[in-house]
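Chemist: Encoded as structure tokens, here's the structure I'll be asking about.
Each reported figure results from applying straightforward, stated rules to the coordinates on display, with no laboratory input. A quick note: this is a predicted structure, and the numbers were derived from the prediction, not measured. Using ideal geometry, Cβ is built from the backbone for each residue, glycine included, and neighbour counts are taken over all protein chains shown.
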Amino acid sequence: KVARYDTRGSFTSAASWTVFDITTVNAGAKAFAGAAFDGRNLYLVPNGTSTGQHGRVARYDSEGSLTSAASWAVFDLTTVNAGAKGFSGAAFDGRYVYLVPYNDDVGTQGRVARYDTQGSFTSAGSWTVFDLTTVDVGARGFVGGVFDGRYLYLVPFGKGGAIHGNVARHDTRGSFASAGSWTVFNLTTVNPGATGFQGAMFDGRYVYLVPFGVT
């Protein structure tokens with residue numbers, strides 16, 4: 001269920017809030033982790049539950065009614081790449097929406113998914129998946145991303161005993177699916193404890209990674 005608050009109303013008034021169950025549109029559209037907005041459409045990032053990860057991206061057209069099924073669309077990324085599931089966080093660069101790879105049914109994964117907003121949301125041709133582990137085997141298990149006007153940064157996290165500090169950066173002026181457009185930097189070379197972040201922010205000059213913890 002997605003909840004929406006109208007900032008023009010009273011925060012503590014029930015009338016300012018709306019809740020919609022996306023599973024009424026698609027039974028598998030549940031368990032998301034993060035979102036992105038492209039100026040009109042809201043994208044919910046597919047993650048998963050204890051029963052398995054999934055790749056169903058949900059999109060809401062904000063020009064329609066939140067509670068109308070007609071305002072929603074769902075696309076299953078596994079129809080593009082069987083391993084494109086279990087994401088955490090997203091970013092928008094002005095044209096493309098990127099889904100940040102976190103964990104699939106086997107373990108942490110590095111498959112970044114990109115949607116071209118100039119194409120049809122439910123067309124496989126509008127989506128591209130690139131596996132970052134082909135650039136660096138440790139480039140997997142990210143939580144959150146941020147765009148600085150040119151570069152996309154993926155926030156290093158990991159899972160269990162594999163918490164890491166490998167920040168991945170994509171030069172959006174290059175080809176998304178080219179290894180030459182990606183760079184990975186291990187923050188532990190700066191500080192051995194610089195691992196396990198969740199989320200990021202850009203202030204116009206600096207990119208900040210949000211510390212979470214080590215497990």
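Chemist: On the basis of being more than 23 Å from Asp104 (Cα to Cα) and surrounded by 12 or more Cβ atoms within 10 Å (Cβ to Cβ), does Ser10 make the cut?
Modeler: So Ser10 does not fit the description; no.
Chemist: Are there any pairs with C-beta distances below 7 angstrom linking a residue in the stretch 128-143 that is within 24 Å of Ala36 (Cα to Cα) to a residue that is aliphatic (A, V, I, L, M) and surrounded by fewer than 23 Cβ atoms within 10 Å (Cβ to Cβ), with the two at least 6 apart or on different chains, and if so which?
Modeler: As it stands, the answer is Thr128/Ala177; Val129/Val80; Phe130/Ala177; Ala139/Val184; Gly141/Ala162, since those pairs meet every condition given.
Chemist: Can you tell me which residue in the stretch 205-215 is surrounded by the fewest Cβ atoms within 10 Å (Cβ to Cβ), limited to those that are of a type in the set (Ser, Thr, Tyr) and closer than 23 Å to Lys159 by Cβ?
Modeler: Thr215
Results for (1) among the hydrophobic types (A, V, I, L, M, F, W, C); (2) crowded, with 19+ Cβ neighbours inside 10 Å, shown as yes or no for each residue.
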| residue | (1), (2) |
| --- | --- |
| Ser126 | no, no |
| Leu152 | yes, yes |
| Asn166 | no, yes |
| Ala177 | yes, no |
| Ala194 | yes, no |
| Asp203 | no, no |
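Chemist: I need a count of the residues in the stretch 16-61 that are surrounded by fewer than 14 Cβ atoms within 10 Å (Cβ to Cβ), of a type in the set (S, T, N, Q) and free of Cβ contacts under 8 Å to residues at least 40 places away in the same chain.
Modeler: 4
Chemist: Which of the residues spanning the stretch 87-126 are under 15 Å from the mean Cα position of the chain (by Cα), outside any loop (DSSP other than H, G, I, E, B) and over 19 Å from Tyr151 (Cα atoms)?
Modeler: Correct list: Phe87, Asn103, Thr108.
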